[in-house]
1. Restricting the search to region 142-187, which residues are of a type in the set (A, V, I, L, M, F, W, C), in a helix (DSSP H, G or I) and more than 20 Å from ALA299 (Cα to Cα)?
2. So which of GLN34, GLN30, GLN26, GLN46 is touching a Gly at 6+ places or on another chain (Cβ under 8 Å) and not aromatic (Phe, Trp, Tyr)?
3. TYR217 fails exactly one of the following numbered conditions: (1) in the same structural domain as LEU276 (by TED's automatic domain parsing); (2) without any contact (Cβ under 8 Å) to a residue 40 or more places away in the chain; (3) assigned to a helix (DSSP H, G or I); (4) among the aromatic types (Phe, Trp, Tyr). What is the number of that condition?
4. When you look at LEU87, is it in a strand (DSSP E or B), aliphatic (A, V, I, L, M), in the same structural domain as LYS62 (by TED's automatic domain parsing) and surrounded by 17 or more Cβ atoms within 10 Å (Cβ to Cβ), yes or no?
5. May I ask you to list pairs of residues, at least six apart or on different chains, whose Cβ atoms are under 8 Å apart, with the first in region 66-92 being under 22 Å from VAL149 (Cβ atoms) and the second being in a loop (DSSP other than H, G, I, E, B) and of a type in the set (Val, Ile, Thr)?
6. Sort through SER156, SER116, SER150, SER76 and tell me the only one that's out of contact with any Phe, Trp or Tyr (no Cβ under 8 Å at 6 or more places or on another chain) and of a type in the set (Ser, Thr, Tyr).
7. In the set THR258, THR231, which member is among the polar types (S, T, N, Q), surrounded by fewer than 16 Cβ atoms within 10 Å (Cβ to Cβ) and in a loop (DSSP other than H, G, I, E, B)?
8. So, in region 73-84, exactly how many residues are under 21 Å from ASN11 (Cα atoms) and buried (at least 16 other Cβ atoms within 10 Å of the Cβ)?
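The values are calculated or read from the model by the stated rules, or taken from the named source; none is laboratory data. A quick note: this is a predicted structure, and the numbers were derived from the prediction, not measured. Note that we place each Cβ from the backbone using ideal geometry, even for glycine, and neighbour counts take in every protein chain shown.
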Amino acid sequence: MKIGIVGNYGNDNNGDEAILYSLIQQVKEQFSVQNEDITVFSNNTQQTSERYGVKSYPLYYKRGNLYKTFFYTYKSNKRYMDGFDLLIIGGGGILMDFYRREAHLYGTYALMAKHSGVPYVLYGCGAGPLDTVTGKVMIRYMCKYAVNVSVRDHDSKELLRTIGVTRHIDVIGDPAFTMFKERNNHPEKPQRIGISAVPVYNANYWPSGDVEKYDRYVKSMAENLDTLINTHNVDITFFATKYPQDVTVTKDIRNKMTRADKVDIIDRNLVPEDLLQVTSDMDVVIGTRLHSLILATNAQTPIIALSYHKKVTDFMRSIESSDLCIEINELQKNKQLVANAYSELIADWPASVARTKRISTNTHAEAMRGKQLLAKAVKGK
């Protein structure tokens, strides 16, 4: 059996790499295949091939405008599609058009699979934002012809409903939830706080850069973290899920802090297993990146979210933790917000730990249901 996987992989975003790592493990367990039977379409074919021992081909071939790019990608990669027994599109937040690429790119792979007679699934994806007519059309097409469709949260399911997707949609959580690390060493009083940040509004990362907004974000993060340290005397460790972009912004934040003496930065590219260990080593994770929160939950570490994107807000709502979710633009209005949320989290620390363990167990079990959907997709082949 030959399996293809397509998503935003090989892009030094180790949240997405955690999804890929989990998917490869699920595929190998479900279908009893070897690494060499798996092909991943990646932004960095050498890195993906060497890291996972799989075959890898370019995710896309840039040619002038978007439409030329997708046409050439279809023409170049369809030959690989013909040899697959199943194509997995996902996971990650790929059912969107925020960057004006995803909906059309992954829709191109759905076209390849359909024209090759290869069954495909949309697997544990996040949906939104969706603002363009062509983006909505492509995603409706992808959903219409998929063998099955699963998303990572109920908000994604509801968004697909609003654009006209009427078929059955499973909610299985993020595929990265299959990474699991049981923990029984929570301290009586939390001291080590892990932080992930995102370079929002930075022109080198954000779709439309804005220097003033970026500076305000950095300043508000620095002030809130200074207040957290001064109020609770904690130690802070910054870590990155997208390297090196996240390290750049964490250094900017630390440079603005008055309590930089209580701050450490892990300045290296952390693969998924490393991230799981780092979040397990922390007592609390205050995360901006979605997968810093997911991997912390996998490691049964209590979390607070600083939301820069709908997907973070949706995730916190899905685990009934909206009270511990702060919109990043709100940080500018009150430098006590993070410290206040932390005070709420530790007010009954044993209860917070027990609740985190319960959430971790439930999200892991939900994600493992995804293997059944993969099996159904190739039933009878």
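1. Our first condition is that a residue be of a type in the set (A, V, I, L, M, F, W, C); within region 142-187, this holds for 142-143, 146-147, 149, 151, 159-160, 163, 165, 169, 171-172, 176-177, 179-180.
Filter once more, keeping what is in a helix (DSSP H, G or I): 142-143, 159-160, 176-177.
Those that are of a type in the set (A, V, I, L, M, F, W, C), in a helix (DSSP H, G or I) and more than 20 Å from ALA299 (Cα to Cα): MET142, CYS143, LEU159, LEU160.
2. GLN26
3. Exception for TYR217: condition (2).
4. Working: in a strand (DSSP E or B): yes; aliphatic (A, V, I, L, M): yes; in the same structural domain as LYS62 (by TED's automatic domain parsing): yes; surrounded by 17 or more Cβ atoms within 10 Å (Cβ to Cβ): yes.
Judged against the criteria, LEU87 is a match.
5. MET81/VAL118; PHE84/VAL118; ASP85/VAL118; ASP85/VAL378; LEU86/VAL118; LEU86/VAL378; LEU87/VAL118
6. Working: SER116 fails: out of contact with any Phe, Trp or Tyr (no Cβ under 8 Å at 6 or more places or on another chain); SER150 fails: out of contact with any Phe, Trp or Tyr (no Cβ under 8 Å at 6 or more places or on another chain); SER76 fails: out of contact with any Phe, Trp or Tyr (no Cβ under 8 Å at 6 or more places or on another chain).
The unique qualifying residue is SER156.
7. On the way: THR231 fails: in a loop (DSSP other than H, G, I, E, B).
After applying the criteria, what remains is THR258.
8. So the first thing to find is which residues in region 73-84 are under 21 Å from ASN11 (Cα atoms), and the list is 73-74, 76-77.
Next, only the ones that are buried (at least 16 other Cβ atoms within 10 Å of the Cβ) stay: 73-74, 77.
Looking only at that region, the number is 3.
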